[in-house]
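Scroll down for the structure; my scribbles are underneath it.
The values are calculated or read from the model by the stated rules, or taken from the named source; none is laboratory data. Note that the structure is predicted; figures quoted are calculated from it, not measured. Positions of Cβ are backbone-derived with ideal geometry, glycine not excepted, and every protein chain shown enters the neighbour counts. These area figures cover heavy atoms from the full protein model, side chains too; ligands, DNA and RNA do not enter into them. Shrake-Rupley method; radii C 1.70, N 1.55, O 1.52, S 1.80 Å.
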Amino acid sequence: MASFADFHTRSIQDRDAFWAEQAKLVDWKVSPQQICDYSNPPFAKWFVGGQTNLCHNAVDRHLAERADQAALIFVSTETDQEKTYTFRDLHAEVQRMAAILKDLGVVKGDRVLIYMPMIAEAAFAMLACARLGAIHSVVFGGFASHSLATRIEDASPKVIISADAGSRGGKGVPYKPLLDEAIKLSAHKPAHVIMVDRKLAPFTPVAGRDVDYAAERAKHMDTVVPCEWVESTHPSYTLYTSGTTGKPKGVQRDTGGYTVALAASMPHIFEGKPGGTFFCTSDIGWVVGHSYIIYGPLIGGMATILYEGLPIRPDGGIWWSLVEKYKVNVMFSAPTAIRVLKKQDPALLSKYDLSSLQALFLAGEPLDEPTAKWISEGLNGKPIIDNYWQTETGWPILSICNGVEKAPSKFGSPGKAIYGYNVKLVDDQTGEELTGANQKGVLTIEGPLPPGNLQTIWGDDKRFVSTYWNTVPNKMVYSTFDWAVRDEDGYFFILGRTDDVINVAGHRLGTREIEESISSHPNVAEVAVVGVADQLKGQVAMAFAIAKDTSCLTDDAARKTLEAEVMKVVDSQLGAVARPSRVIFVTALPKTRSGKLLRRAIQAVAEGRDPGDLTTMDDPAALQQIVDLIKS
Ligand code: ATP
Ligand code: MG
């Protein structure tokens, strides 16, 4: 086995040879002529001259060896459905969906917007677009009309694929009225809407525009729709960032680079083997869902579980029961989901046979140590692998690559820079590279960004350059907008977003460090720390916390006692300078739909300002509670 350090070095210093080798993991109709064209930085073109197809690599190419193997396992605890599609079945369903799209005039390069719940048809829809070379834009089903309308305008889709309703906690959540309203609000109108009718919420189709999926599908039971071979650089999809720090950015992804990046990640990062089972609990509306519910596992010849439902219904053991039943090898989730499970009976973890499970990967937000420890113990010491990435990158930047060389995880660290990523920590004031251990810097990536990363912002090359590449003085590097340190072993620790750094009397503190410290108090379940303007010190930290046991918070005096205790913890761990000016107890924290803390919104209301773009916010009541508390 090669050492990981050698593997990584080769990926940077002998870049083209390294990626030419990885490119062999996928099928090409025409082999690439040039591995990387970086003649026009920061725009990188990967596998130039090559022709391939994402759907072919995810589905068709497996028919020869594994047609009867499970490919897509759809499980809904909302509608009590469970259905396994083999690669042969999936191939047939994708062609049926592709035939419907073709009938509606969809050709290569057309955009198709997918606004669907977590049902098998959503996977068919994505793969059918890829098959035709159409560019999909999946919009998370939880978004309402306004957010959806802006995405319809931005993507200008010829066709929208949707459903009558999603379902949450066993109750139908209608989609169709929101979609109709969004189309009304949008300046762009799609020619057609394909409606999957789950019979969860009655609706009236719009004559001439809406077509019924079941009726159209019935016409195409045996229709053959070949894959459209596209150039490697042909866009496969657009997808929006979570909108945690501001207005969401529309990420544009290529085809060839993405296929290769995902194909390579399966053995090197996830140790996923063809014939195995992958269970990613994200949603197809997010990048993790694109890469590791749909494309990655299928490209790797694995079965993938598409799960509709809550992690705690019928009980907190549901995910583990699926691990047992489908012999899941690789699982991928988010810290926020684990924190939900943490509130359940720990016995639910030991109830099932989890022997098939190799590792649990977690990404999306900082993995706090108590949560990491809890799940690690619950899974009997199986590797818990924190990995760090962004919608923009499409696959992890930092992780442990156990498929290359086994390495231990460190609590609080998402691991080392992954092959292909030339990660540099830089000083945000001078642009100087920080090479020493434990120096705080902005996590940046030197161009060219590796395969699979964003090509540009959809329709806005200028914004791509100005947003990501022109932020560090004297240097053109890609900024992740996250602070980090690297220890002497090369492990990174993410300290928070660059705009989450607060400056208390000249001391620069990451909100993450303060949150970690506060979380270590036994009665703190969750916490958000923001910097609030202060006349004397410039800024002070303010904490909003959820108590695990609220029975002790009966009156103001009791709140004060707990507040003082929490402050003491910060004092002793980080020093008085980091001590929050207030620790305010709340029952919920405002988050994005993808479960990320909306610190900028909290900070704005704490300073009495307008919270800005809130289109991706999940629960408005959580922010309102803070507004009310600040007022009082
Ligand atoms: P926007 O860019 O619109 O503000 P966003 O950055 O939250 O939204 P995503 O692409 O969904 O959109 O999230 C990527 C960010 O999530 C990273 O930049 C980082 O801040 C955070 N993140 C992801 N994984 C981890 C991790 N393992 N540890 C710490 N932070 C993480
Ligand atoms: Mg971001």
Here FRET efficiency (C-beta to C-beta, Ser632 to Lys343, R₀ 25 Å, nearest 0.05) is 0.35
Any chance you could check the Cα centroid distance between the stretch 124-155 and the stretch 551-569 for me, in angstrom?
-> 47
Part-to-part distance (alpha-carbon centres) for the stretch 218-283 and the stretch 378-428, which is given in Å | 20
Using a 1.4 angstrom probe, figure out how much accessible area the stretch 122-202 has per residue, in square angstrom, rounded to the nearest whole.
-> 32
Accessible carbon and sulfur surface of the stretch 76-146 relative to its total accessible area, %, 1.4 Å = 45
Hey, what number do you get for the chain at 222 nm if only DSSP H runs of n ≥ 4 count, each worth -39500 (n - 2.57), divided across all residues, to the nearest 500?
-> -8000 deg cm²/dmol
Of all trypsin sites (Lys or Arg not before Pro) in the stretch 39-118, the ones in DSSP coil with at most 16 other Cβ atoms within 10 Å are Lys108
Can you give the accessible area per residue of the stretch 1-104, in Å², using a 1.4 Å probe?
-> 46
Efficiency of FRET between Ala191 and Ala621 - r from beta-carbon atoms, R0 30 angstrom, step 0.05 | 0.20
For the stretch 29-78, treating each Cα as an identical point scatterer without solvent, what Debye log10 I(q)/I(0) comes out at q = 0.24, 0.26, 0.30 1/Å?
-> -0.91, -0.97, -1.07
When each of Lys373/Lys406; Lys83/Lys325; Lys158/Lys219; Lys416/Lys568; Lys102/Lys158 is checked by Cα-Cα distance, pairs over 23 Å | Lys416/Lys568
How far apart, in nm, are two points set 7 Å out from the Cα along the Cα-to-Cβ line at Lys184 and at Phe411?
-> 5.4
Whichever aspartates and glutamates have a C-alpha closer than 20 Å to that of Lys108, once near sequence neighbours (fewer than 8 apart) are set aside | Asp27, Asp60, Glu93, Glu153, Asp154, Glu228, Glu231, Asp254
Treating the beta-carbon of each Lys and Arg as +1 and of each Asp and Glu as -1, no other charges, what is the dipole magnitude of the stretch 274-349 about its Cα centre, to the nearest 20 debye?
-> 140
Express the relative contact order of the stretch 294-365 as a whole percentage, based on alpha carbon pairs under 8 Å and six or more residues apart in sequence.
-> 36
Using label points projected 7 Å from each Cα along Cα→Cβ, tell me how many nm separate Lys108 and Ser466, to one decimal.
-> 3.4
List the trypsin sites (Lys or Arg not before Pro) within the stretch 513-615 that fall in a DSSP loop (any state other than H, G, I, E or B) and whose Cβ has at most 12 other Cβ atoms within 10 Å.
-> Arg609
On the first, second and third principal axes, largest extent first, how far apart are the outermost C-alpha atoms of the stretch 466-564 in Å?
-> 54, 37, 25
Distance in nm between Val224 and Gln81 label points, each 7 Å along Cα→Cβ, equals 2.9
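Determine the share of the stretch 317-441's accessible area contributed by carbon and sulfur atoms, expressed in whole percent, with a 1.4 angstrom probe. Kindly include the intermediate steps, with their values, before the conclusion.
On the way: 2290 of 4580 Å².
Here it works out to 50 percent.
Of the heavy-atom accessible surface of the stretch 1-46 (probe 1.4 angstrom), what whole percent is carbon and sulfur?
48
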Semi-axes of the stretch 66-224's equivalent ellipsoid from the Cα gyration tensor, sqrt of 5 times each eigenvalue, largest first, rounded to whole Å?
-> 24, 20, 14
Specify the angular offset, from 0 to 90 degrees and rounded to the nearest 10, of the alpha carbon long axis of helix 4-13 from the longest principal axis of the alpha carbons in the chain.
-> 70
If we restrict to alpha carbons, what Rg and Dmax does the chain come to, in Å?
-> 24.0, 74
Could you calculate the contour length gain from Asn474 to Ala437, that is, 0.36 nm times the residue separation minus the distance between their Cα atoms, to one decimal place in nm?
-> 11.0 nm
Which value, in Å², gives the accessible area per residue of the stretch 268-383 when a 1.4 Å probe is used on the protein heavy atoms?
-> 32
Evaluate the relative contact order of the chain (contact order divided by residue number), counting alpha-carbon pairs under 8 angstrom at least 6 apart; express in whole percent.
-> 11
Only Lys, Arg, Asp and Glu count, each charged at its Cβ (+1, +1, -1, -1), so figure out the dipole size of the chain about its Cα centre, rounded to 20 debye.
-> 520
FRET efficiency, Ser350 to Ala588 (Cβ-Cβ, R0 25 Å, nearest 0.05) = 0.25
Report, in whole Å, the centroid distance computed from the Cα atoms of the stretch 59-118 and the stretch 168-216.
-> 19
